[in-house]
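Working notes, structure below.
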């Protein structure tokens, strides 16, 4: 799963604890979450502060030139989560904050 976010994005802040819980619950089953910060719209200091505040346990990548977020994934809003199955197939793209009542089923979909 790739989660696009920025430190100033309030919905990103709201969904972060849920993503951390999902990672802790499903990482032994093979879930990988990559947090992709849209760094061109953020600062490295703000990114580090955000990661420290939430104690993010999964890798955080920096998209400093927006090549991944805009060129590769055509991001149109934050947060954006891309659910990719074990074969590398994009199964679902969610624009906006994930809801607690949907994340488990989306993860199950990609871990099958």
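The values are calculated or read from the model by the stated rules, or taken from the named source; none is laboratory data. All figures in this text were calculated on a predicted structure; none of them were measured in a lab. With ideal geometry, Cβ positions are generated from the backbone for all residues, glycine too; neighbour counts draw on all protein chains shown.
Looking only at the range 83-93, which residues are loosely packed, with under 11 Cβ neighbours inside 10 Å and in contact (Cβ under 8 Å) with a residue 24 or more places away in the chain?
Going residue by residue through the range 83-93, those that are loosely packed, with under 11 Cβ neighbours inside 10 Å are 86-89.
Hit for the range 83-93 is 86, nothing else.
How many residues, within the range 68-101, are in a helix (DSSP H, G or I) and at pLDDT 95 or above?
0
Are any residues in the range 9-42 in a loop (DSSP other than H, G, I, E, B), in contact with a helix residue (DSSP H, G or I) (Cβ under 7 Å, 6 or more places away or on another chain) and within 19 Å of residue 66 (Cβ to Cβ), and if so, which ones?
Residues of the range 9-42 that are in a loop (DSSP other than H, G, I, E, B), as a first pass: 9, 30-33, 38, 42.
Keeping just the survivors that are in contact with a helix residue (DSSP H, G or I) (Cβ under 7 Å, 6 or more places away or on another chain) gives 30-31, 33, 38.
Across the range 9-42, the qualifying residue is only 38.
Hey, can you tell me all the residues within the range 69-82 that are surrounded by 12 or more Cβ atoms within 10 Å (Cβ to Cβ) and within 18 Å of residue 11 (Cα to Cα)?
69, 75, 78, 79, 80, 81, 82
Would you mention how many residues in the range 94-112 are loosely packed, with under 15 Cβ neighbours inside 10 Å and within 14 Å of the chain's Cα centre (by Cα)? Even if it seems obvious, please write down each step before you answer.
Let us first name the residues in the range 94-112 that are loosely packed, with under 15 Cβ neighbours inside 10 Å, namely 95-96, 99-102, 104-105, 108-109, 111-112.
Going one step further and asking which of them are within 14 Å of the chain's Cα centre (by Cα), we end up with 95-96, 99.
Count: 3.
Out of contact with any strand residue (DSSP E or B) (no Cβ under 6 Å at 6 or more places or on another chain), exposed (fewer than 15 other Cβ atoms within 10 Å of the Cβ) and either touching a residue at least 24 places away in the same chain (Cβ under 8 Å) or in a strand (DSSP E or B) (or both): does that describe residue 65?
So residue 65 fits the description; yes.
Could you tell me whether the range 43-56 includes any residue that is part of a loop (DSSP other than H, G, I, E, B), under 15 Å from the mean Cα position of the chain (by Cα) and at pLDDT 95 or above? First the steps, then the outcome.
Let us first name the residues in the range 43-56 that are part of a loop (DSSP other than H, G, I, E, B), namely 43, 55-56.
Filter once more, keeping what is under 15 Å from the mean Cα position of the chain (by Cα): 55-56.
Subset that is at pLDDT 95 or above: 55-56.
The answer is yes; a qualifying residue exists.
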